[in-house]
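First up is the structure itself, then whatever we jot down about it.
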Amino acid sequence: MAIERELKYHLDEARYERLKTALGTPERTKEQVNLYLDTPGRELCDAHGALRLRREGDKRFLTYKRGKAQEGSFFELHEFEVEATPEQWSLLAGGKLPEGELEPIDRLKHDFPHVNGVVTLGEARNLRICYPLPTGDTAELDRTTFPNGRVDFELEVETENPAEVERHLESLGVPLTPQTKTKFRRFLDAISG
């Protein structure tokens, strides 16, 4: 288990474009396909949890997040993530839980012991541009397309030193607005109306 500690900022398209320049030379760009899952009773939505399958190129990841601690732009969540095989991906996308030990599924079953399957809620696509910061952290500039065609822009930085990262980001001269919702919550908003 890990604790994900992350700064999140909501951006409009103009600030997104300004940050692409202000952050310097990117170290890499990733195209991500996120498939969101829940229990048949939608218990994860109600319990501030999220179960996600993510594909980046040839790699697939299974992630279970739970809890919600937020102060301003700083989020802190429990995160369980493993690389998933194509077979595990297919089983989960088809509503079945894989056999054997798989930490995100083990934690899900611990939190919801009666669960024996999942349902697919939908998909969101993300273009992530990664920039090294002088703090030693990585800034991730995201352009996310949700199921209804809505496009969101966001800056995320996983960090153990949020104050130091915030000082650096402020020095870039691009106004930042704290993000109040996770991508999963915004995905749920998109599919509900």
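The values are calculated or read from the model by the stated rules, or taken from the named source; none is laboratory data. The shown structure was predicted, so the numbers you read here are calculated from the model rather than taken from an experiment. For neighbour counting, all protein chains shown are included, and Cβ atoms are generated from backbone atoms with ideal geometry for every residue, glycine included. To get the accessible areas, we keep the full protein, side chains included, count just its heavy atoms, and leave off ligands, DNA and RNA. Shrake-Rupley method; radii C 1.70, N 1.55, O 1.52, S 1.80 Å.
Worth a mention:
- Against the main long axis of the alpha-carbon atoms of the chain, helix 13-22 sits at an angle near 70°.
- Springs join every pair of Cα atoms under 10 Å in this Gaussian network model of the chain, and among Phe75, Phe153, Phe112 the largest mean-square fluctuation is at Phe112.
- Percentage, to the nearest whole number, of Cα pairs in the range 91-193 over 15 Å apart: 73 percent
- Accessible-area value, Asp46, 1.4 Å probe, nucleic acids and ligands omitted, Å²: 120 Å²
- Here the calculated FRET efficiency for Asn116 and Thr145, from their Cβ-Cβ distance with R0 = 35 Å, stands at 0.65, rounded to the nearest 0.05.
- Low-density loop positions, GluC sites (Glu not before Pro), the range 1-41 - DSSP coil, at most 11 other Cβ in 10 Å: Glu27
- Prolate/oblate/rounded call for the range 105-165, Cα gyration tensor, a/c under 1.5 rounded: oblate
- Taking amide H as placed 1.01 Å from N in the peptide plane, the amide H of Gly117 sits under 5 Å from none that are at least 5 places away or on another chain.
- Nitroxide proxy distance, nm - points 7 Å out along Cα→Cβ at Arg18 and Glu101: 5.0 nm
- If you take the alpha carbon atoms of the range 1-73 and fit the smallest convex hull around them, that volume is 155 Å³ per residue.
- Computed [θ] at 222 nm, helices only, for the chain once each DSSP H run of length n ≥ 4 contributes -39500 (n - 2.57): -7500 deg cm²/dmol
- Of the three principal axes defined by the Cα atoms of the chain, the extents in descending order read 50, 32, 32 Å.
- Taken as Cα centroids, the range 136-155 and the range 164-182 sit 15 Å apart, rounded to the nearest whole angstrom.
- log₁₀ of I(q)/I(0) at q = 0.11, 0.18 Å⁻¹ - the range 22-120, Debye sum with one point per alpha carbon: -0.37, -0.86
- √(5λ) per eigenvalue of the Cα gyration tensor, the range 135-178, largest first, Å: 24, 12, 8
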